[in-house]
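None of the figures in this text is laboratory data; all of them are computed from the coordinates on show. What you are looking at is a predicted structure, and each value in this text was computed from that prediction instead of being measured.
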Ligand code: NAD
């Protein structure tokens with residue numbers, strides 16, 4: 001039985017991934033700011049390397065070596081570029097990009113030792129389209145796609161695959177919050193009307209994709225950016 005760590009696993013997409021990997025037979029640890037309900041919960045801020053290292057060490061001690069890492073922790077932000085403060089820019093980049101760097105570097109030694117590992121980074125479809133008022137978020141998520149491709153080349157020979165899943169509109173507290181604050185450029189219903197499969201995404205749609213990408217069978221898939229967006233690429 002392998003051990004999987006899911007960051008951001010206390011809510012939304014990360015929670016669905018944690019549940020799904022648990023159902024798939026992984027020992028699951030959820031690393032989040034607040035404790036999750038699924039799996040073994042370790043509380044840490046992904047932007048804080050010392051907290052991340054401590055959390056990963058606790059997982060190793062409790063569940064054994066970490067062979068799967070899904071980076072789903074994320075923070076959105078909606079601010080006109082001319083009004084974007086240095087502090088907000090840094091926090092959004094810190095959570096969405098630097099957090100992935102810390103978690104991958106902290107979990108990786110176990111995968112290298114096993115010569116087997118699976119890393120999935122949850123980026124965003126906005127990295128393809130761009131998004132007004134989300135320059136910091138889109139920049140960070142685009143960088144996650146780039147990080148994914150480079151890591152795939154570096155780690156492929158060592159048995160570790162690295163892929164990114166950029167979700168489209170997925171019904172989570174993050175999306176509903178943005179809708180309530182009228183930051184989505186229209187209601188969710190409006191966005192559904194522009195989505196070819198005519199529904200909003202479910203966290204389980206992302207979880208199913210992750211489930212495959214971390215499986216034994218997906219060993220020939222690496223460095224890929226696999227959109228899950230109902231056919232809507234922008
Ligand atoms: P969510 O807000 O429901 O869940 C995000 C989780 O990340 C929360 O549990 C939160 O506590 C955790 N988190 C935030 N900052 C953290 C930090 N510094 N350290 C540790 N944990 C932290 O959001 P969601 O919609 O489930 O989003 C999951 C991922 O999917 C995010 O990376 C988000 O950017 C991405 N995404 C979501 C959508 C969507 O439509 N919902 C679209 C594109 C991308």
Exercise for the section: Mind jotting down the three principal axis lengths of segment 102-174 based on Cα atoms? Whole angstrom, largest first. Expected result: 42, 24, 18
Exercise for the section: Find the relative contact order for the chain and round it to a whole percent, using C-alpha pairs within less than 8 Å whose residues are 6+ positions apart. Expected result: 21
Handout entry: √(5λ) per eigenvalue of the Cα gyration tensor, segment 108-234, largest first, Å
Key = 30, 15, 11
Problem - Translational diffusion coefficient (Stokes-Einstein; Kirkwood radius from C-alpha pairs) of segment 69-116 at 20 °C, 1.002 mPa s, in µm²/s - result: 172
Problem - Relative contact order %, segment 128-195, counting alpha carbon pairs below 8 Å whose residues are six or more apart - result: 16
Exercise for the section: Kindly state, as a whole number, the per residue volume in cubic angstrom of the convex hull around the alpha carbon atoms of segment 35-173. Expected result: 113
Handout entry: Most fluctuating residue given options 139, 114, 164, as computed from a GNM of the chain linking Cα atoms under 10 Å
Key = 114
Exercise for the section: Could you work out which residue, out of 108, 84, 31, moves most in a Gaussian network model of the chain, that is, has the largest mean-square fluctuation with Cα springs under 10 Å? Expected result: 84
Exercise for the section: On a 0 to 90° scale, report how tilted helix 99-114 is relative to the longest principal axis of the chain, with both axes built from alpha carbons and the result rounded to the nearest 10. Expected result: 30
Handout entry: For segment 41-122, Kirkwood radius (reciprocal of mean inverse C-alpha pair distance, Å)
Key = 13.8
Practice task
For n ≥ 4 DSSP H runs only, could you compute -39500 (n - 2.57) per run for the chain, divide by its residues and tell me the 222 nm figure to the nearest 500?
Solution key: -13000 deg cm²/dmol
Practice task
Compute the length gained on full extension between residue 182 and residue 153: take 0.36 nm times their separation in residues and subtract their Cα-Cα distance, giving the result in nm to one decimal.
Solution key: 6.4 nm
Handout entry: Average Cα contact separation per residue, segment 19-143, under 8 Å, 6 or more apart, as relative contact order %
Key = 25
Fill in the blank from the handout: Using alpha carbon centers only, segment 150-166 is separated from segment 100-118 by a whole-angstrom value of 11
Handout entry: Stretchable slack from residue 193 to residue 50, in nm (0.36 nm times residue separation minus alpha-carbon distance)
Key = 47.0 nm
Practice task
Consider all pairwise Cα distances in the chain and report the whole-number % of them above 23 Å.
Solution key: 44
